[in-house]
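The values are calculated or read from the model by the stated rules, or taken from the named source; none is laboratory data. Just so we're clear, the structure is a prediction, and the values are computed from it rather than from any experiment. Note that each Cβ is placed from the backbone with ideal geometry, even for glycine, and that neighbours are counted across all protein chains shown. Only protein heavy atoms, including side chains, enter the accessible area calculation; ligands, DNA and RNA are left aside. Shrake-Rupley method; radii C 1.70, N 1.55, O 1.52, S 1.80 Å.
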Amino acid sequence: MKASAFLYPWDVVGDPAAASRIAELGVQQVTLASAYHSTRALTPRHPAHRIVTAEHAAVLYPPGPDRWAGRALTPYRQSWVAGDDPYGEAAEALTAAGLEVHSWVVLAHSSRLGAEHPDTSVRNAYGDRYPWAPCIARPAVRAYLVDLAAEAAARPGARGTELESCGWYGFAHLHAHDKVTGVGLGDAAQYALSLCFCTECRQGYGEAGADPDELAAAVRRALEPAWSGSGSTESGWDGVHRLLGPELADATLRWRGRVARTFQESAVAAVRAAAPPGFQVLLHADPAPYRTGANAGVDPGHILGVADGVVLPCTGPDTVREAVLGPFKGRTGVVAANFGVVTGMGGSPRTLERDAAHAASLGADQLRLYHAGLASGPDLAAVAGALSRIG
């Protein structure tokens with residue numbers, strides 16, 4: 001199985017041994033961040049530093065001035081890696097080591113965008129803004145993200161791209177110093193709390209058959225038991241039906257599904273227009289269309305008619321892989337199983353060989369390994385051993 005390791009440019013820039021070390025793992029590809037959200041990351045093997053703090057969402061290359069001139073929404077430049085084009089420098093070193101480089105582009109996830117342009121953010125049923133979550137129904141946001149996808153994906157030398165957060169983002173975030181776990185919120189409550197009520201979305205719900213005021217009131221009523229202390233453990237789309245009622249729930253999905261699908265179509269088309277022939281476009285995805293976050297909810301039949309394939313979250317027990325891979329089995333397109341390989345972040349590199357075989361039995365034909373730059377030495381040794389046996 002073809003395997004790719006995720007990396008940040010700062011894992012490579014300034015470390016002459018980094019590219020060969022990654023190649024020696026046995027991967028054929030690196031998925032290298034070109035546009036990424038804020039983070040604080042360890043660099044346990046870098047000769048010059050141990051921690052990199054990416055203070056805000058940014059592009060890791062010089063954005064094209066002609067593309068962005070005169071626009072209100074533009075990419076933010078980074079300042080935490082030396083050099084004008086850390087993505088390009090890292091990509092060149094990795095290519096020289098014999099690795100195929102694909103770009104890794106985070107789209108609908110930017111706290112700085114929401115802080116500086118409040119009208120771009122998802123707004124929940126209580127009127128609270130989620131500055132980390134741009135509302136993809138807003139025309140200006142869509143135009144910005146589609147152009148960002150094209151520019152950040154089709155970097156010189158890249159053979160393909162993986163688009164993350166190419167859909168709705170919502171309540172779940174892992175925001176800076178998050179303190180939001182005092183009340184239990186199940187999968188269905190998370191969806192309800194992620195519904196946007198900006199002017200565009202209110203109009204959209206109306207077009208889909210739901211009065212937006214009635215819907216907002218229904219969300220608040222549905223979540224009241226959780227705020228009162230009993231929590232909410234409802235899960236799945238059936239759970240959303242029970243929380244909001246089938247008619248209101250289905251109306252939200254009609255609107256949000258249409259927005260997500262057309263956004264994904266536009267982003268992929270823009271990437272292909274900017275990229276050379278044969279450029280591969282994959283989406284980080286979840287086969288449940290109502291899901292929000294880094295792995296955007298998709299309709300499996302639709303998305304494989306738009307993109308070349310998907311990257312699916314497969315870390316965890318067999319049931320996790322069965323749930324995400326099952327809807328894609330037998331369909332045409334790349335199906336990459338994404339495994340965490342950082343033990344301290346919940347990954348399981350020591351069961352990678354077995355877990356990869358299980359994923360392959362469910363139709364996965366590639367592997368993604370998150371994240372070679374963050375992993376410890378023993379974790380990387382376990383990965384190398386597993387890949388040598390997987391072949």
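Quick rundown of the values:
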{"quantity": "Close pairs from segment 12-39: first over 28 Å from Ser110 (Cβ atoms) and assigned to a helix (DSSP H, G or I), partner open to solvent by less than 30 Å² (accessible area, probe 1.4 Å) and small (Gly, Ala, Ser), Cβ under 8 Å, at least 6 apart", "calculated": "none"}
{"quantity": "Residues that are more than 22 Å from Pro276 (Cα to Cα) and open to solvent by less than 10 Å² (accessible area, probe 1.4 Å), drawn from segment 138-154", "calculated": "Val141"}
{"quantity": "Pairs, first open to solvent by 60 Å² or more (accessible area, probe 1.4 Å) in segment 352-366, second in a helix (DSSP H, G or I), C-beta under 7 Å, six or more apart", "calculated": "Glu353/Ala386; Glu353/Arg389; Glu353/Ile390"}
{"quantity": "Out of Arg272, Arg256, Arg261, Arg242, sole residue that is among the basic types (Lys, Arg) and open to solvent by less than 50 Å² (accessible area, probe 1.4 Å)", "calculated": "Arg256"}
{"quantity": "Filter pass, Asn295 being open to solvent by less than 30 Å² (accessible area, probe 1.4 Å) and within 12 Å of the chain's Cα centre (by Cα)", "calculated": "no"}
{"quantity": "Residue within segment 377-388 that is under 25 Å from Gly170 (Cβ atoms), modelled with pLDDT of 95 or more and open to solvent by 10 Å² or more (accessible area, probe 1.4 Å) present", "calculated": "no"}
{"quantity": "Filtered residue count, segment 40-63, keeping only those that are closer than 18 Å to Ala372 by Cβ, assigned to a strand (DSSP E or B) and either of a type in the set (Gly, Ala, Ser) or in contact (Cβ under 8 Å) with a residue 12 or more places away in the chain (or both)", "calculated": "5"}
{"quantity": "Residue that is modelled with the lowest pLDDT, among those in segment 156-181 that are open to solvent by 60 Å² or more (accessible area, probe 1.4 Å) and closer than 22 Å to Phe197 by Cβ", "calculated": "Val180"}
